[in-house]
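The values are calculated or read from the model by the stated rules, or taken from the named source; none is laboratory data. Small disclaimer: the values here were computed from a predicted structure and weren't measured. Please note: Cβ atoms are built from the backbone with ideal geometry, for glycine as well, and neighbour counts cover all protein chains shown. Quick note on the areas: whole protein, heavy atoms, side chains included, nothing else; ligands and nucleic acids left out. Shrake-Rupley method; radii C 1.70, N 1.55, O 1.52, S 1.80 Å.
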Amino acid sequence: MDKFTTLTGVAAPLRMINIDTDRIIPKQFLKTIKRTGLGEFLFNDLRYNPDGSEVDEFVLNRPPYRHAQIVIAGRNFGCGSSREHAPWALLDFGITCIIAPSFADIFYNNCFKNGLLPISLSEEQVHKLLDAADAGSNENFTIDLNAQRVTDPNGEIFEFKIDPFRKHCLFNGLDDIGLTLGKAAIIEAFEQKRSVQNPWLKLGP
Amino acid sequence: MNAPRTLFDKIWDDHVVHDQNDGTCLIYIDRHLVHEVTSPQAFEGLRLSGREVHRPEETLAVADHNVPTSNRAAGIIEETSRVQVETLERNVTEFGVPYLPLDDLRQGIVHIIGPELGFTLPGATIVCGDSHTSTHGACGALAFGIGTSEVEHVLATQTLIQKRPQNMRITVDGECRPGVTAKDIILSIIAQIGTAGATGHVIEYAGSAITSLSMEGRMTVCNMSIEAGARAGLIAPDAVTFEYLEGRQMVPKGGAWEQALANWRTLPSDEGAVYDREVSLSASELVPHVTWGTSPQDALPVTSEVPDPAGEVDVERRASIERSLAYMDLAPGTPLVKVPIDRVFIGSCTNGRIEDLREVAAVALGRRVAQGVGAMIVPGSGLVKEEAEEEGLDKIFIEAGFEWREPGCSMCLAMNADRLEPGERCASTSNRNFEGRQGRGGRTHLMSPAMAAAAAVTGHITDVRALL
């Protein structure tokens with residue numbers, strides 16, 4: 001997994017609430033057996049007309065935002081399906097940070113497994129950032145994970161919270177399977193205990 | 001004396017492998033369901049890092065999302081779908097994971113077959129790379145959906161790193177009137193608390209209206225917990241649960257069954273257990289519900305009218321309602337029962353079980369699908385299909401003009417050939433009415449199986465109580 005340390009880039013304002021993962025990446029693109037190549041289909045039905053042409057007014061089709069690295073959106077971002085294709089599509093497009101008042105749980109977890117930083121701020125703060133992002137081709141939204149700060153183009157600083165473990169893994173690009181496998185002895189001890197206390201739970205040898 | 005604990009607390013505490021003191025716990029996973037859409041990249045990850053599946057025996061794989069629901073003998077015609085199913089078959093062979101192939105009678109939707117085979121047990125932790133894993137909570141299992149990276153983590157370690165969710169209890173007391181079902185209960189709950197109303201929480205459903213539900217009804221309720229944002233849904237195991245499970249294929253037998261029962265009886269929440277949030281509603285006042293918009297929270301009693309966004313004070317919510325109504329092509333003030341229907345979809349992990357099909361048959365018997373309406377019934381599994389046919393339900397359906405299909409996820413998410421055409425309006429027993437969910441430009445109205453059957457025979461959204 002790529003590390004996330006700091007990021008300076010364009011932020012695309014997406015003024016919608018309850019953006020579900022079907023909307024982020026519709027089901028016809030879930031038939032892939034790879035993680036890559038989904039960026040082209042990110043927000044497919046919002047971004048393209050049925051004939052395949054671009055929807056001019058959609059934010060990611062507008063020049064300053066075509067190369068956005070940050071998305072600022074309404075509350076409950078990423079609700080619905082557990083598809084990890086949603087963060088894969090965002091990343092493949094080049095987006096590595098989402099700022100919203102709240103996120104759905106599974107999407108939020110999935111972000112951290114892929115080096116994508118979801119930042120939760122208050123409704124009021126997000127509205128300020130949306131307005132700032134509306135200004136267009138500014139290159140100066142800055143995200144600093146270690147300091148837990150977003151700096152907007154006007155220099156205003158917004159501090160955000162993040163779980164220490166998630167921050168640690170993201171900041172260092174850690175593979176948490178490797179970390180867990182380092183606890184093989186603890187897992188084995190748990191399995192032994194389960195075999196004794198709740199043997200009915202065990203399937204197989 | 002220990003502090004009183006909730007059902008969730010007990011299962012969670014029983015599965016903590018390691019408290020990592022950083023806000024997360026390593027928890028043990030007893031059962032892992034795998035399907036073709038969210039697993040290929042996980043198996044690929046194992047292969048690239050030279051890892052094995054830690055507990056293949058506690059993993060069960062099945063193809064459901066992409067599978068054809070007609071003419072199975074022809075195989076999967078669409079190439080990308082076929083490749084995905086073939087990839088699953090190759091992976092389960094390579095990694096030694098038990099698999100139910102397409103021609104196995106037990107094949108079906110992951111969340112139907114788990115309880116049906118007794119793979120799902122009370123007090124167990126269950127995960128699957130699918131958000132509707134919450135379904136299994138109806139058996140008193142802590143069950144939740146995960147992403148593909150987490151699927152890989154569970155395959156490799158049989159554990160997950162999780163932040164402990166909070167406890168929420170939703171109490172539904174009273175008796176449902178005829179025509180009001182589990183689907184109406186859960187739709188009205190989501191309408192009340194909102195699509196993010198339970199984010200970060202595990203919902204325990206309680207109250208007389210919940211305990212009087214069959215296991216099928218309980219599964220419908222728990223299934224849609226995710227549509228309220230919940231991490232999981234749970235219902236305390238009781239005599240109904242035990243009777244449902246006893247004798248099923250993978251359930252412990254003999255002395256092990258007795259031992260399991262003794263454990264399961266200790267699971268219900270203790271008197272005085274504290275919940276972070278409590279919500280209650282009365283079942284006796286409930287009316288059949290139907291959705292009008294593009295979020296499961298957009299549900300109203302069928303006796304209502306399409307809402308007017310002008311009445312909404314929250315600016316973002318108003319914009320969202322306006323967008324939904326434009327997408328759904330509905331005018332504010334239109335009575336819901338005046339909305340015409342082109343298609344009917346009966347099935348999915350929400351409502352693809354035998355009891356759902358019986359409710360449909362009760363409405364369909366002696367009636368005909370309305371002129372111009374295409375109605376399909378997709379059983380949740382091969383076993384559900386077999387049981388329905390033994391009861392003669394298939395004959396009632398076919399006689400009434402419904403299509404009777406092979407098991408799978410089908411038009412709930414339209415990954416296979418079953419989908420809406422742009423502009424088509426569907427009465428659906430599935431769980432999501434998102435824009436494009438059942439096909440780009442398709443319009444979905446969520447409702448119970450009985451309500452969907454009523455819409456099928458009348459050609460418009462109908463209060464099923466008039467047909468009972």
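Would you tally the residues in region B:149-191 being of a type in the set (K, R), touching a helix residue (DSSP H, G or I) at 6+ places or on another chain (Cβ under 9 Å) and away from chain A (no Cβ under 14 Å)?
Quick first cut of region B:149-191, residues of a type in the set (K, R) only: B:163-164, B:169, B:177, B:183.
The next check asks that each one be touching a helix residue (DSSP H, G or I) at 6+ places or on another chain (Cβ under 9 Å); those that pass are B:163-164, B:177, B:183.
Still in the running and away from chain A (no Cβ under 14 Å): B:177, B:183.
Matching residues across region B:149-191 total 2.
Within region B:280-312, track down each residue that is within 14 Å of chain A (Cβ to nearest Cβ) and open to solvent by 40 Å² or more (accessible area, probe 1.4 Å).
B:E312
Give me the residue from region B:3-44 that is touching an Asp or Glu at 6+ places or on another chain (Cβ under 6 Å) and either at pLDDT below 95 or closer than 13 Å to B:A156 by Cα (or both) and, out of that set, nearest to the other protein chains (Cβ to nearest Cβ).
It comes out as B:G23.
Report the residue count in region A:68-91 for those that are open to solvent by 10 Å² or more (accessible area, probe 1.4 Å) and away from chain B (no Cβ under 13 Å).
Going through region A:68-91 one residue at a time, the tally reaches 1.
Scan region A:39-62 for residues that are among the hydrophobic types (A, V, I, L, M, F, W, C) and closer than 14 Å to A:D22 by Cα and jot them down. Before you say what the answer is, go through the steps one by one.
Applying the first criterion (among the hydrophobic types (A, V, I, L, M, F, W, C)) to region A:39-62 yields A:41-43, A:46, A:55, A:58-60.
Answer for region A:39-62, where residues must be among the hydrophobic types (A, V, I, L, M, F, W, C) and closer than 14 Å to A:D22 by Cα: A:F41, A:L42, A:F43, A:L46.
So is A:R194 in a helix (DSSP H, G or I), in contact (Cβ under 8 Å) with a residue 40 or more places away in the chain and either within 10 Å of another protein chain (Cβ to nearest Cβ) or surrounded by 14 or more Cβ atoms within 10 Å (Cβ to Cβ) (or both) or not?
Spelling it out, it is not the case that A:R194 is in a helix (DSSP H, G or I), in contact (Cβ under 8 Å) with a residue 40 or more places away in the chain and either within 10 Å of another protein chain (Cβ to nearest Cβ) or surrounded by 14 or more Cβ atoms within 10 Å (Cβ to Cβ) (or both).
Being part of a helix (DSSP H, G or I) and away from every other protein chain (no Cβ under 11 Å): is that true of A:D51 here?
no
Which condition breaks for B:P68 when tested against (1) in contact (Cβ under 8 Å) with a residue 24 or more places away in the chain; (2) assigned to a helix (DSSP H, G or I); (3) away from chain A (no Cβ under 11 Å)?
Against the list (1) in contact (Cβ under 8 Å) with a residue 24 or more places away in the chain; (2) assigned to a helix (DSSP H, G or I); (3) away from chain A (no Cβ under 11 Å), B:P68 comes up short only on (2).
If you take the residues in region A:155-191 that are of a type in the set (V, I, T) and more than 8 Å from chain B (Cβ to nearest Cβ), which one is surrounded by the most Cβ atoms within 10 Å (Cβ to Cβ)?
A:I162
Rundown of residues vs (1) assigned to a strand (DSSP E or B); (2) within 24 Å of the chain's Cα centre (by Cα); (3) on the phi > 0 side of the Ramachandran plot, yes/no style:
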{"residue": "B:S295", "(1), (2), (3)": "no, yes, no"}
{"residue": "B:L300", "(1), (2), (3)": "yes, yes, no"}
{"residue": "B:P307", "(1), (2), (3)": "no, no, no"}
{"residue": "B:A310", "(1), (2), (3)": "no, no, no"}
{"residue": "B:S324", "(1), (2), (3)": "no, yes, no"}
{"residue": "B:G333", "(1), (2), (3)": "no, no, yes"}
{"residue": "B:V337", "(1), (2), (3)": "no, no, no"}
{"residue": "B:E359", "(1), (2), (3)": "no, yes, no"}
{"residue": "B:A362", "(1), (2), (3)": "no, yes, no"}
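Testing A:A89 on (1) free of Cβ contacts under 8 Å to residues at least 60 places away in the same chain; (2) part of a helix (DSSP H, G or I); (3) touching an Asp or Glu at 6+ places or on another chain (Cβ under 9 Å), one condition comes back false. Which one is that?
Only one criterion in (1) free of Cβ contacts under 8 Å to residues at least 60 places away in the same chain; (2) part of a helix (DSSP H, G or I); (3) touching an Asp or Glu at 6+ places or on another chain (Cβ under 9 Å) is unmet by A:A89, namely (1).
For region B:154-263, give me every one of the strands (runs of 3 or more DSSP E) that falls completely inside it and has 1 or more residues that are touching a His at 6+ places or on another chain (Cβ under 7 Å) and more than 26 Å from B:A466 (Cα to Cα).
Qualifying strands (runs of 3 or more DSSP E): B:159-162, B:166-173.
For region B:417-442, which residues satisfy the criterion of being over 15 Å from the mean Cα position of the chain (by Cα) and more than 10 Å from every other protein chain (Cβ to nearest Cβ)?
B:A417, B:D418, B:L420, B:E421, B:G423, B:E424, B:R425, B:C426, B:A427, B:G442
Out of everything in region B:242-281 that is in contact with a helix residue (DSSP H, G or I) (Cβ under 8 Å, 6 or more places away or on another chain) and of a type in the set (S, T, Y), what residue ends up being farthest from B:I461 (Cα to Cα)? If you could, list the steps in order and put the result at the bottom.
At the first step, the residues of region B:242-281 found to be in contact with a helix residue (DSSP H, G or I) (Cβ under 8 Å, 6 or more places away or on another chain) are B:242, B:244-246, B:248-252, B:256-257, B:259-261, B:263-264, B:266-269, B:273, B:279, B:281.
Within this subset, residues satisfying the condition of being of a type in the set (S, T, Y) are B:244, B:266, B:269.
Values: B:Y244: 33, B:T266: 44, B:S269: 40 Å.
It comes out as B:T266.
Suppose we filter region B:45-65 for residues that are closer than 20 Å to B:G408 by Cβ and facing chain A (nearest Cβ under 10 Å); how many remain?
Residues that pass the stated criteria total 2.
Going by the conditions given, is A:D134 open to solvent by 70 Å² or more (accessible area, probe 1.4 Å), touching a Cys at 6+ places or on another chain (Cβ under 9 Å) and either touching a residue at least 24 places away in the same chain (Cβ under 8 Å) or farther than 26 Å from A:G115 by Cβ (or both)?
Details: open to solvent by 70 Å² or more (accessible area, probe 1.4 Å): yes; touching a Cys at 6+ places or on another chain (Cβ under 9 Å): no; either touching a residue at least 24 places away in the same chain (Cβ under 8 Å) or farther than 26 Å from A:G115 by Cβ (or both): yes.
Answer is no for this residue.
Taking B:G217, is it open to solvent by less than 40 Å² (accessible area, probe 1.4 Å) and modelled with pLDDT of 95 or more?
The answer is yes for B:G217.
From B:E399, B:E386, which residue is at pLDDT 95 or above, under 23 Å from the mean Cα position of the chain (by Cα) and open to solvent by 30 Å² or more (accessible area, probe 1.4 Å)?
Testing whether each residue is at pLDDT 95 or above, under 23 Å from the mean Cα position of the chain (by Cα) and open to solvent by 30 Å² or more (accessible area, probe 1.4 Å) leaves just B:E386.
The rows are residues; the columns are (1) on the phi < 0 side of the Ramachandran plot; (2) surrounded by fewer than 24 Cβ atoms within 10 Å (Cβ to Cβ).
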position	(1), (2)
B:I170	yes, no
B:R177	yes, yes
B:I193	yes, yes
B:A198	yes, no
B:L234	yes, no
B:Y244	yes, yes
B:G247	no, yes
B:A256	yes, yes
B:R265	yes, yes
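Return the pairs, sorted by first residue and then second, in which the second residue is assigned to a strand (DSSP E or B) and modelled with pLDDT of 95 or more, the first residue lies in region B:331-352 and is over 19 Å from B:E421 (Cβ atoms) and open to solvent by less than 10 Å² (accessible area, probe 1.4 Å), the beta carbons are less than 7 Å apart, and the residues are 6+ apart or on different chains.
Once the first residue is over 19 Å from B:E421 (Cβ atoms) and open to solvent by less than 10 Å² (accessible area, probe 1.4 Å) and sits in region B:331-352, its partners that are assigned to a strand (DSSP E or B) and modelled with pLDDT of 95 or more give B:L336/B:V290; B:L336/B:L300; B:L336/B:E305.
Within region A:109-131, take every residue that is in contact with an Asp or Glu (Cβ under 8 Å, 6 or more places away or on another chain) and away from every other protein chain (no Cβ under 14 Å) and give me the one that is surrounded by the fewest Cβ atoms within 10 Å (Cβ to Cβ). Full working, then the answer.
From region A:109-131, those in contact with an Asp or Glu (Cβ under 8 Å, 6 or more places away or on another chain) are A:109-110, A:113-115, A:128-129; that's our starting set.
Narrowing the set further to residues that are away from every other protein chain (no Cβ under 14 Å) leaves A:128-129.
Numbers: A:K128: 17, A:L129: 24.
Among them, the one singled out is A:K128.
Looking only at region A:11-45, which residues are part of a helix (DSSP H, G or I) and of a type outside the set (S, T, N, Q)?
Within region A:11-45, A:D22, A:R23, A:I24, A:K27, A:F29, A:G39, A:E40, A:F41, A:D45 qualify.
Going residue by residue through region B:143-157, is there one that turns out to be surrounded by fewer than 24 Cβ atoms within 10 Å (Cβ to Cβ) and more than 21 Å from B:S39 (Cα to Cα)?
No, every residue in region B:143-157 fails to be surrounded by fewer than 24 Cβ atoms within 10 Å (Cβ to Cβ) and more than 21 Å from B:S39 (Cα to Cα).
Any chance region B:50-59 includes a residue that's part of a loop (DSSP other than H, G, I, E, B), touching a residue at least 24 places away in the same chain (Cβ under 8 Å) and of a type in the set (G, A, S)?
no
Which one of A:I119, A:I177 is β-branched (V, I, T) and assigned to a helix (DSSP H, G or I)?
A:I177
Is there a residue in region A:60-67 that is in contact (Cβ under 8 Å) with a residue 40 or more places away in the chain, buried (at least 23 other Cβ atoms within 10 Å of the Cβ) and touching a strand residue (DSSP E or B) at 6+ places or on another chain (Cβ under 6 Å)?
No.
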